[in-house]
1. Quick one: with label points 7 Å out along Cα→Cβ, list the inter-copy distances for A:F200 in nm, shortest first?
2. With viscosity set to 1.002 mPa s at 20 °C, what whole-number translational diffusion coefficient in µm²/s follows for the stretch B:80-231 from Stokes-Einstein and a Kirkwood radius over Cα pairs?
3. Take the Cα atoms of the stretch A:205-300, build their convex hull, and give its volume per residue in Å³.
4. Could you work out, residue by residue across B:234-245, how many beta carbons of other chains sit within 10 Å of that residue's beta carbon, and then give the average as an integer?
5. Can you name the residue in chain B whose Cβ lies closest to the B-to-A rotation axis, and give that gap in whole Å?
6. In Å, what Kirkwood hydrodynamic radius results for the stretch B:1-151 from the alpha-carbon pair distances?
7. One decimal, nm, shortest first: give the distances between the label point of A:P379 and those of the same position in the other copies, each label point 7 Å from Cα along Cα→Cβ.
8. At a Förster distance of 45 Å, what's the computed FRET efficiency of A:I187 paired with A:K220, Cβ-Cβ distance as r, to 0.05?
There are 2 protein chains.
Amino acid sequence: MPFAASAGVADVLVALFTVLLAAKVGDELFKRIGQPALVGEILAGIVIGPSLLGLVEPDETLEVFAELGVVFLLFWVGLETRLSELRDVGGVAARVGALGVAVPFAGGYAAGQVLGESGATSVFLGAALVATSVGITSAVLLELGALASTAARTILGAAVLDDILAMVLLAVAVGVAQQGGVDLTSIGVVIVLAVGFVAFVALGGTRIVARWPDVFHAPKFSESPLLPAVILCLGLAAFAAQIGLAAIIGAFLAGMVVAESKDQHDFEEEVAPLYAFFPPFFFVYIGLEVDLGSFGDAGTILLLAGVTALAFATKFGAAWFAARSMGERDAVVVGLGMVPRGEVGIIVAGIGATAGVVDDDLFAVIVGMSILTTLAIPPLLRRALKTPGRNAPA
Amino acid sequence: MPFAASAGVADVLVALFTVLLAAKVGDELFKRIGQPALVGEILAGIVIGPSLLGLVEPDETLEVFAELGVVFLLFWVGLETRLSELRDVGGVAARVGALGVAVPFAGGYAAGQVLGESGATSVFLGAALVATSVGITSAVLLELGALASTAARTILGAAVLDDILAMVLLAVAVGVAQQGGVDLTSIGVVIVLAVGFVAFVALGGTRIVARWPDVFHAPKFSESPLLPAVILCLGLAAFAAQIGLAAIIGAFLAGMVVAESKDQHDFEEEVAPLYAFFPPFFFVYIGLEVDLGSFGDAGTILLLAGVTALAFATKFGAAWFAARSMGERDAVVVGLGMVPRGEVGIIVAGIGATAGVVDDDLFAVIVGMSILTTLAIPPLLRRALKTPGRNAPA
């Protein structure tokens with residue numbers, strides 16, 4: 001109809017309204033029964049999505065809002081993170097990241113071989129089990145006010161390494177699926193770019209801002225330093241995505257850089273509304289992607305149970321083992337914190353399906369595993385964090 | 001590449017970054033030379049758009065961000081507006097709205113007839129000259145801190161009526177173009193729905209919130225009342241768009257309703273970051289839609305000059321005449337404030353093109369007129385507001 005910019009946009013407004021309202025109803029219900037709000041938001045997505053009510057379909061516009069949701073989530077997490085704190089946990093975080101990639105990949109690959117899948121499919125199953133969705137864990141840690149704990153820092157440091165390694169593994173998997181082999185040169189380029197970007201921003205960016213602490217006040221276009229910081233966040237997120245890293249790695253680094261400026265506190269207050277507005281789209285979108293209809297037969301359900309157990313055991317075991325020098329309680333927190341696969345598992349499954357080596361059943365199973373690990377962790381992590389430990393949250 | 005949700009989303013991040021950065025560079029340059037920032041943002045859109053650099057194409061995702069931009073802009077304006085203040089200027093605003101629709105429509109229709117266009121095309125040209133883009137004027141008034149003046153209230157009240165009448169006229173125009181006639185019943189339904197919605201929200205909504213002033217604090221899902229208010233804003237914007245009104249009318253009414261609650265001031269502080277983030281997409285998008293290539297020949301340029309002069313003269317003259325009881329200075333401010341056609345003229349042109357009664361040349365001319373009235377008004381309005389008058393801004 002007439003003045004609604006266009007019919008498409010009028011419908012998008014309805015979808016955005018429906019998603020935000022559903023997210024907050026789910027949030028409200030879960031808060032009232034004392035459960036993690038984000039689980040309520042994901043379940044709200046399942047309810048309004050194609051599986052049940054069919055009110056909203058996942059489409060590219062909603063995916064953009066979901067992506068900005070996790071971008072602003074990690075920007076916020078970065079704002080509360082100092083490079084020096086990450087450095088303090090560097091050794092353990094590196095072990096957690098490396099072992100937390102190697103063991104699930106080996107487990108997934110072995111499981112594929114045992115199930116009689118092709119080499120390419122087995123590589124994809126391994127890759128799908130690798131990547132942690134640090135967005136989910138961050139949201140739980142934020143909700144519980146535990147982001148400043150040593151365990152949380154370790155998870156964040158490990159997640160950056162995890163993402164770089166997972167990206168390399170996925171590049172290998174795509175190479176195997178498409179050409180039956182791996183182009184070492186192009187993978188070398190990918191590694192150099194990714195590591196160079198992270199190191200340059202984390203080391204160079206924080207140093208520049210530390211020396212020029214009112215850089216975000218310099219422009220006249222904004223009365224507050226918020227917008228220059230948001231532009232930096234979007235720019236680094238976009239760049240990270242273009243070189244094959246997760247956009248959220250760029251956003252997290254941007255947050256860390258901005259945190260070095262003189263008014264970290266004002267930033268947090270100002271980013272809060274963006275942080276309130278966008279992330280619900282991320283959680284609901286995960287729910288929208290669930291297709292309950294795929295789990296009609298016992299065989300698929302059994303496979304889902306097995307893959308989910310494998311995903312949980314390999315990631316938790318590896319991360320817990322690597323972090324055990326931190327004490328039992330913190331090692332459990334780190335182990336649990338690395339388990340959610342969230343949107344990342346779903347993306348890997350989608351790439352495998354496009355490459356023709358992940359069939360419909362396996363696709364549904366990987367998506368289901370991603371959701372289940374995401375839904376299971378918040379309550380477990382909440383319980384683990386309430387256990388007193390050597391390094392209780394500040 | 002791998003973990004950037006999808007290749008499409010990675011590219012959208014780049015587009016969002018480019019638009020926001022360009023907007024703020026334009027803003028910065030125009031602030032430094034003492035000109036209205038939003039003109040700088042629109043020109044930035046022309047520069048990065050298909051006409052010049054071709055860095056960004058207007059697409060549906062950007063259109064959604066643009067729409068949210070003007071939605072949050074008018075929500076903000078609504079937050080600063082009280083129903084009682086609109087009531088005080090009601091009589092003048094009604095005259096400005098009614099005359100400001102009738103005269104431009106008559107002028108456009110007559111011009112179409114003089115130029116030898118068909119009846120349907122003439123009706124469309126009239127309709128395209130009608131609708132004021134109150135988003136542009138609001139942004140100028142906000143930038144100059146003049147939103148609380150009587151003239152500003154009059155413009156806002158007139159704009160609501162303007163939008164309802166313009167919607168009806170456009171429905172008539174589409175009817176004439178498609179069936180060669182007008183279905184009075186369906187147009188009656190449209191009018192009843194629109195008037196009923198505006199009256200119900202403006203009168204009922206403000207009364208409910210005035211009686212239950214902490215309604216936005218009731219939900220537990222949010223520590224601040226921002227998100228419940230934003231959900232209301234999106235809901236009313238979506239509803240307005242679905243019944244054929246501008247989404248911004250819903251957003252403006254939502255702002256007025258929320259302003260009746262007990263913490264109007266906190267709201268303004270909290271909405272500020274959303275207001276900083278989204279509206280630049282609206283201004284840049286207007287620039288992105290410009291196609292400088294359409295104005296290659298002298299005939300089109302002449303037509304553009306004529307139509308723009310007509311659009312300016314009829315709207316300014318009618319609104320100024322209707323508002324002259326307010327004193328010369330305020331009547332000039334009201335007259336100028338009603339002139340920008342912005343996105344609304346572009347939308348009407350698009351609907352006419354789809355209906356097959358607006359050809360490529362006329363489409364380009366209407367879009368050009370919309371942009372020119374939009375670019376011309378901010379400097380003129382700024383000068384007029386600086387003239388002392390009977391009702392100087394508070």
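The values are calculated or read from the model by the stated rules, or taken from the named source; none is laboratory data. Predicted model only: the values in this text are computed from it and were never measured. Note: ideal-geometry Cβ built from the backbone for every residue, glycine included; neighbour counts use all protein chains shown. The accessibility values were calculated without ligands, DNA or RNA, using every heavy atom of the protein model including side chains. Shrake-Rupley method; radii C 1.70, N 1.55, O 1.52, S 1.80 Å.
1. Listed shortest first, these distances are 5.6 nm.
2. 120 µm²/s
3. It is 137 Å³ per residue.
4. The mean count of partner-chain Cβ atoms within 10 Å per residue comes to 6.
5. So the closest residue, with its distance, comes out as B:P273, 2.
6. Result for the stretch B:1-151, one decimal place: 18.8 Å.
7. Result, one decimal in nm: 6.5.
8. E between A:I187 and A:K220, to the nearest 0.05, is 0.50.
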